[in-house]
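Shown next, in structure tokens, is the structure this report addresses.
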Amino acid sequence: MDGFLVKPAQALIVEDDRRVAALHRAFLEEEGLRVGGIAGTLREAWAFLEENPDLVLLDLYLPDGHGLELLPALEGVYTVVITAARDVPTVERALLGGAMDYLVKPFGRSRLREALARFRAFQNLKAKKEVSQADVDRLLGRRQAPKGLDPLTLGRVLALLQGGKPLTAEEVAEALGLSRVTAWRYLEALRREGRVRAEPRYGGTGRPSRAYRLEPH
């Protein structure tokens, strides 16, 4: 397997749904990682952090609190947030607070595999003395934004679409505080790049509106 670590990395799964946690565990072990623990509450997660995990899959809605409360203690730990939360404040708080990736439920196995590939690449940086800007960009999976578009706004649009539900330009504009024309420009740019697809949405009279959804990986 490309990027496989000689010493299996240890992962912590923070997830209160036992069925989902078991699926995550099976997937991680299938990918060659060792699961050091599964925490169904914040209290259990705090205890497992003493085992110094290399990777944390972090759910946010837990019985005794919000998963983002753990972020200050996860400094230096590769953290992938896995949640149904797709509101912009939560996404921003997670990413600015130190999370390296953000997966919106439901998502495909290929998206989780992509997150693990980035984790391995990050771990393997330890073998290098220095990296280039190109190395960092590849590690973060960053693509250059289309000309005239703001990368941060583009990222917000993509994060919103990760919810899986097709959205119109009007719905994206309302959710992100953009004008309809601006939202449409970003959505159309993503469609031309093949990152989203457009589909007609019928309802009422007149021409159908256009809704956009992420292309599957």
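Here, each number is a calculation from the coordinates, and none is a lab measurement. Source: prediction; values computed, not measured. Here Cβ is always computed from backbone atoms with ideal geometry, including for glycine, and neighbour counts include all displayed protein chains.
Residues in the stretch 55-86 that are out of contact with any helix residue (DSSP H, G or I) (no Cβ under 8 Å at 6 or more places or on another chain) and under 18 Å from G164 (Cβ atoms): A84 only.
Would you check if G40 is surrounded by 15 or more Cβ atoms within 10 Å (Cβ to Cβ), among the small types (G, A, S) and more than 20 Å from F119 (Cα to Cα)?
Considered against the rule, which asks whether it is surrounded by 15 or more Cβ atoms within 10 Å (Cβ to Cβ), among the small types (G, A, S) and more than 20 Å from F119 (Cα to Cα), G40 comes out as yes.
Candidates L96, L57: the one that is loosely packed, with under 14 Cβ neighbours inside 10 Å and of a type in the set (A, V, I, L, M, F, W, C) is L96. With respect to the stated conditions, G163 is under 20 Å from A85 (Cβ atoms) and out of contact with any helix residue (DSSP H, G or I) (no Cβ under 6 Å at 6 or more places or on another chain).
For the stretch 172-206, name all the residues that are closer than 24 Å to T83 by Cα, of a type outside the set (A, V, I, L, M) and in contact (Cβ under 8 Å) with a residue 12 or more places away in the chain.
Across the stretch 172-206, the qualifying residues are R195, R197.
Residue-by-condition table, conditions (1) closer than 23 Å to V91 by Cβ; (2) assigned to a helix (DSSP H, G or I):
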residue: D16; (1), (2): yes, no
residue: H24; (1), (2): yes, yes
residue: G36; (1), (2): no, no
residue: E44; (1), (2): no, yes
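Is it true that some residue in the stretch 81-94 is in contact with a strand residue (DSSP E or B) (Cβ under 6 Å, 6 or more places away or on another chain) and more than 16 Å from L158 (Cα to Cα)? The answer is no; no qualifying residue exists.
Residues in the stretch 155-170 that are buried (at least 18 other Cβ atoms within 10 Å of the Cβ) and without any contact (Cβ under 8 Å) to a residue 40 or more places away in the chain: 1 in all.
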